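Here the structure is laid out as structure tokens; the discussion comes afterwards.
Each value in this text was obtained by applying a stated rule to the coordinates, not by laboratory testing. Bear in mind that the values here come from a model prediction, so they are computed numbers and not experimental data. FYI the Cβ positions are ideal-geometry reconstructions off the backbone, even for glycines, and counts take in every protein chain you see.
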Amino acid sequence: MNKSIMCLMFAATTLMPLSYAQAAEVEVKWTNPDKYSDIDAGEEHRKHFKERTFKSFEKHFAKLAESLPEGQKLVLDVTNIDLAGDVNHGGMKRIRVVKDIFFPRMEFNYQLLNADSSVIKSEDVSIKDMGFLMHNGLKYRSQSLGYEKEMLDDWFKDTFAE
């Protein structure tokens, strides 16, 4: 019995540091969100929709940054968003209609910083996915902002491949 407890304690102390591994820190700024091309809520309250959308993007950026080395910091300043689809203003209900002509776009700048705050990499970014409806393996199919998240995944992979 003592051997079992000793093995469990050893496993817990050996594996515990692995579960607490730090990823790069992420900071997201939203510059002039009232002037973004399309962050229309449809039927939902605009303020709540914006807050939920920004929080979802922030979580996604944090998830992407998990692959960056510990001690680095990714600082993003989002200057424009145009969500996939367009809000139809006709009829009684305002709903988002997704068609290929309403592709997702996003503009931002970023800086990747070292632990000493020196800039490793920075760039002004303008991304769009004109073929967003043609992807057959959309990994975020059942999630809100799935097309935008897929677009950000592609940008991140291309930008931070090394």
* At a temperature of 25 °C and a viscosity of 0.890 mPa s, determine how fast region 22-159 diffuses translationally according to Stokes-Einstein, using the Kirkwood radius over alpha-carbon pairs as Rh; express D in µm²/s, rounded to the nearest whole number. => 154 µm²/s
* Asked: What is the set of long-range amide H partners of Asp38 at a cut-off below 5 Å, with H atoms built 1.01 Å from backbone N?
  -> Ile81, Asp82, Leu83
* Between Lys47 and Glu70, what is the spin-label point distance in nm, taking each point 7 Å from the Cα along the Cα→C-beta axis? -> 4.1 nm
